[in-house]
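A.B. asks: Handing you this structure, nothing more for now.
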């Protein structure tokens, strides 16, 4: 299961973190496509229905006006801002009325359920990016303790991740680590035609989930399908050269993650403080008083850092990429 993530890198840093070797063996940054609907804002506390950066084959944009004349290969990559929560192509009503929970796609049903099998059979495979994801561990006395889950620090970083920016040092919240890469499926949904203006297509995705690996099974029995390394990412995205039957072998539990407990402030999805990502110490049983808050020691204050600047940078970069207007906010409750 995956119902909350953290994604704090602005577009420029995400592009750098997602460098890859192209077909002609050149180190390349994926192009950024903000989309005409929805904007990406950096956040340490991302809930479903938010708009987040997703990696996909650039071949999906072959017919876009901004790449007219370019010959794209399915191994080329791009970053696209998408809505978290897949909307099936066959859905014909207003998006506000859509009430299916689609933030996750179980691997054991992804090839059977029409909602997911249709886009997968059309090559609509993607990689969802994040610093990490949150999961809540239920204790013996039924308290729920949030944990931040991310790539192990001993996993090799890419060249892009090894750069030592001053801005990254200023954050002072977590050690430098590579971006978490989760397998996903996306769909392109076309809203019903109205007289109110253009009905631009909406790109929306679901995170594929599998049985939990030993590293995280003590927190929850499900986990996102992790793509470990550039080769796995490449095979999942390259839908023309890697058939779905072969790519599906990548969807399995991997023991490449670690985690630590974080403050209960992450429970509220409106809380966008970097404090959500700070490791906390759990009090021993003898010092607890029976409430959820009594489980935690006092959380250290997070130094004022560049996250706010990064958020503004993300907005400016997204604006300069597409000049689009914001999508209307949709109120929902976490399922």
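A.B. asks: Looking at 17, 61, can you tell me which residue is without any contact (Cβ under 8 Å) to a residue 40 or more places away in the chain and in contact with a helix residue (DSSP H, G or I) (Cβ under 9 Å, 6 or more places away or on another chain)?
C.D. replies: Testing whether each residue is without any contact (Cβ under 8 Å) to a residue 40 or more places away in the chain and in contact with a helix residue (DSSP H, G or I) (Cβ under 9 Å, 6 or more places away or on another chain) leaves just 61.
A.B. asks: So, one more: Which condition number does residue 54 fail, the rest of (1) at pLDDT 95 or above; (2) closer than 20 Å to residue 190 by Cα; (3) surrounded by fewer than 21 Cβ atoms within 10 Å (Cβ to Cβ) being met?
C.D. replies: Residue 54 satisfies every listed condition except (3).
A.B. asks: Which condition number in (1) touching a strand residue (DSSP E or B) at 6+ places or on another chain (Cβ under 9 Å); (2) modelled with pLDDT under 90; (3) assigned to a loop (DSSP other than H, G, I, E, B) is the one that residue 66 fails?
C.D. replies: In the conditions (1) touching a strand residue (DSSP E or B) at 6+ places or on another chain (Cβ under 9 Å); (2) modelled with pLDDT under 90; (3) assigned to a loop (DSSP other than H, G, I, E, B), residue 66 misses (3) alone.
A.B. asks: May I pose another question? Restricting segment 235-251 to residues that are free of Cβ contacts under 8 Å to residues at least 60 places away in the same chain and either under 23 Å from residue 213 (Cβ atoms) or part of a helix (DSSP H, G or I) (or both), which is nearest to the chain's Cα centre (by Cα)?
C.D. replies: 235
A.B. asks: Turning to a different aspect of this structure: Can you pull out the residues in segment 154-189 that are more than 17 Å from the chain's Cα centre (by Cα) and modelled with pLDDT of 90 or more?
C.D. replies: 188, 189
A.B. asks: Let me ask you something else. Let me spell it out: the conditions are (1) surrounded by fewer than 16 Cβ atoms within 10 Å (Cβ to Cβ); (2) modelled with pLDDT under 95, and residue 211 meets all of them except one. Which number is the exception?
C.D. replies: (2)
A.B. asks: Then there is this: Just to be sure I understand the filter: pairs with C-beta atoms under 6 Å, separated by 6 or more residues or on different chains, first member in segment 86-110 and within 19 Å of residue 5 (Cα to Cα), second member in a helix (DSSP H, G or I). Which pairs pass?
C.D. replies: The qualifying pairs are 105/116.
A.B. asks: Hey, can you tell me all the residues within segment 205-233 that are more than 22 Å from residue 3 (Cα to Cα) and out of contact with any strand residue (DSSP E or B) (no Cβ under 7 Å at 6 or more places or on another chain)?
C.D. replies: If the condition is that a residue be more than 22 Å from residue 3 (Cα to Cα) and out of contact with any strand residue (DSSP E or B) (no Cβ under 7 Å at 6 or more places or on another chain), then 229, 231, 232 are the ones that fit.
A.B. asks: Which members of segment 18-31 meet the condition of being surrounded by fewer than 21 Cβ atoms within 10 Å (Cβ to Cβ) and closer than 26 Å to residue 134 by Cα?
C.D. replies: 19
The values are calculated or read from the model by the stated rules, or taken from the named source; none is laboratory data. Note that the coordinates shown come from a computational prediction; the quantities given were computed from them, not determined experimentally. Quick reminder, even Gly has a Cβ in these numbers, built from the backbone with ideal geometry, and neighbours come from all protein chains shown.
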